[in-house]
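Presented below is the structure to which this report refers.
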Amino acid sequence: MEKPATEVIKGDGWGRFPDDLEYHSGFGNHFESEAIAGALPRGQNSPLICPFGLYAEQISGTSFTSPRKLSQRSWFYRIKPSVTHEPFWPREPSHKKLVSEFDGSNTVANPTQLRWKPVDIPDSPTDFIDGLYTICGAGSSFLRHGFAIHMYTANKSMDNCAFCNADGDFLVVPQQGRLWITTECGRLQVSPGEIVVLPQGFRFVVDLPDGPSRGYVAEVFGTHFQLPDLGPIGANGLAASRDFLAPTAWFEDFPRPGFTIIQKFGGELFNARQDFSPFNVVAWHGNYVPYKYDLSKFCPYNTVLIDHGDPSINTVLTAPTDKLGVALLDFVIFPPRWLAKADGFLPGGASLHSCMTPHGPDTKTYEATVARGNEAGPHKITDTMAFMFESCLMPRTCPWALDSHFRDLDYYQCWIGLKSHFSTDVKSNDLQNGNKN
């Protein structure tokens, strides 16, 4: 357990983040954290009377009877329980661009390679919730199997409200602007070049200390992200467990009249009012927690002699299916590295290459590489952090994404110029030696 902290913010608490936030280190660890020494019960999880008169509350990330190695849950010790709120009602105006069940009624099957230019930050005040919109996905949050890919653009912090996703886990990839994220376990500062995972059921607030912000969100239904197995790589490499950081306990204790919990449930948003902050957890312990990771710490692998490695070698996190080696969703990155292919992604842009649709190096990259012949050597790609969400499921695309004026309708043109280099006038060693069999 870390050194007991005594910081309690009175007033507008989550608007101020210290520069030296403390974190727990490790992936999947069972942590314990207390903002006031002695707030954690000893010897049991739910005593009749908790220290300091706190309420004991459990949040479950898996079923009660999941195997121990898969079980995820945490215990909170909070000033008021989270059940203390008014009934939920549909949020108005309704958010019409969030999807968590993908079928022919709301999305489109389209195998064409798609690409979008960077999306503009909105002019009107827009927070993380209102700036979140779905691009594509598959499956259903109701059936607890599937995924959704979202993007967000925002220019203001969330005000007197918190967000809770009942559908699945969010993996957030900020591309522009830092995120100050307050959760029930504590606070996380997330910069571009880092990712943050916000598990299903956690309440959180997103503040924007740098103003305009833009990024990507992958959501998985019915499972959680884990580190991929390393196989022949051995014991070390890719993302190290020690580099994942979880928050330490922090709480606020003052009235919040009219505070709103905004819950995403089946892709729809609902509001519930309460008169206190949900960030009133004085102590907690468990392994079901939000966490962040600095992508610059990733240890990439590559081929050193011949051929081209599969992108799976750069998997940071994976959300598995029941079929061994098949992922519901992989988060794969392409960090600075030595390679023979140049990247052509625009910061803030995105592309979609669906199941069994061809893709690969564009004309410019291919022609420039083969022109150097067998002497073409690798060069170091720097100042880049491309990434990929990959799934075994076939995505359906949202109509507003297909109709967006940010969609690059000429994307297919980048391959049209690939010409035939085929020639039968090849003098192989066999031909030169007169062997024509």
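The values are calculated or read from the model by the stated rules, or taken from the named source; none is laboratory data. Bear in mind that the values here come from a model prediction, so they are computed numbers and not experimental data. Here the Cβ is made from the backbone with ideal geometry for all residues, glycine too, and neighbour counts use every protein chain on show. Each accessible area value is taken on the protein alone, full model and side chains, heavy atoms only, with ligands, DNA and RNA left out. Shrake-Rupley method; radii C 1.70, N 1.55, O 1.52, S 1.80 Å.
The table below lists the values:
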{"read-out": "Among (1) touching a Pro at 6+ places or on another chain (Cβ under 8 Å); (2) within 17 Å of residue 264 (Cβ to Cβ); (3) surrounded by fewer than 24 Cβ atoms within 10 Å (Cβ to Cβ) - the single one residue 201 does not satisfy", "value": "(1)"}
{"read-out": "Candidates 170, 128, filtered to the one that is under 16 Å from residue 211 (Cβ atoms), within 15 Å of the chain's Cα centre (by Cα) and either of a type in the set (Phe, Trp, Tyr) or open to solvent by 30 Å² or more (accessible area, probe 1.4 Å) (or both)", "value": "128"}
{"read-out": "Residue count for segment 316-328, restricted to those that are under 20 Å from the mean Cα position of the chain (by Cα) and either open to solvent by less than 10 Å² (accessible area, probe 1.4 Å) or free of Cβ contacts under 8 Å to residues at least 12 places away in the same chain (or both)", "value": "4"}
{"read-out": "Single residue of segment 392-408 satisfying the filter (among the hydrophobic types (A, V, I, L, M, F, W, C) and in a loop (DSSP other than H, G, I, E, B)) that is most open to solvent (accessible area, probe 1.4 Å)", "value": "394"}
{"read-out": "Inter-residue pairs, beta-carbon under 9 Å, first under 18 Å from residue 414 (Cβ atoms) and part of a strand (DSSP E or B) and in segment 329-346, second open to solvent by 30 Å² or more (accessible area, probe 1.4 Å) and modelled with pLDDT of 70 or more, 6+ apart", "value": "334/300; 334/311; 334/384; 334/385; 334/387; 334/388"}
{"read-out": "Flag if residue 134 is part of a loop (DSSP other than H, G, I, E, B) and out of contact with any Pro (no Cβ under 6 Å at 6 or more places or on another chain)", "value": "no"}
{"read-out": "Odd one out for residue 316, checked against (1) part of a loop (DSSP other than H, G, I, E, B); (2) within 30 Å of residue 401 (Cα to Cα)", "value": "(1)"}
{"read-out": "Listing of strands (runs of 3 or more DSSP E) fully contained in segment 212-305 that carry 1 or more residues being polar (S, T, N, Q) and open to solvent by less than 60 Å² (accessible area, probe 1.4 Å)", "value": "213-221, 255-265, 268-276"}
{"read-out": "Odd one out for residue 25, checked against (1) modelled with pLDDT of 95 or more; (2) crowded, with 16+ Cβ neighbours inside 10 Å; (3) within 30 Å of residue 226 (Cβ to Cβ)", "value": "(2)"}
{"read-out": "Among (1) in a strand (DSSP E or B); (2) under 20 Å from residue 316 (Cα atoms) - the single one residue 180 does not satisfy", "value": "(2)"}
{"read-out": "Matching residues, segment 70-122, being within 26 Å of residue 175 (Cα to Cα) and outside any loop (DSSP other than H, G, I, E, B)", "value": "114, 115, 116"}
{"read-out": "Single condition residue 337 does not satisfy, out of (1) open to solvent by less than 50 Å² (accessible area, probe 1.4 Å); (2) of a type in the set (Lys, Arg); (3) under 22 Å from residue 136 (Cβ atoms)", "value": "(3)"}
{"read-out": "Condition broken by residue 133, with the remaining ones in (1) more than 21 Å from residue 259 (Cα to Cα); (2) open to solvent by less than 10 Å² (accessible area, probe 1.4 Å) satisfied", "value": "(2)"}
{"read-out": "All positions within segment 366-391 that are open to solvent by less than 50 Å² (accessible area, probe 1.4 Å), among the hydroxyl-bearing types (Ser, Thr, Tyr) and not in a loop (DSSP other than H, G, I, E, B)", "value": "369"}
{"read-out": "Residue count, segment 40-57 (criterion: part of a loop (DSSP other than H, G, I, E, B) and crowded, with 17+ Cβ neighbours inside 10 Å)", "value": "4"}
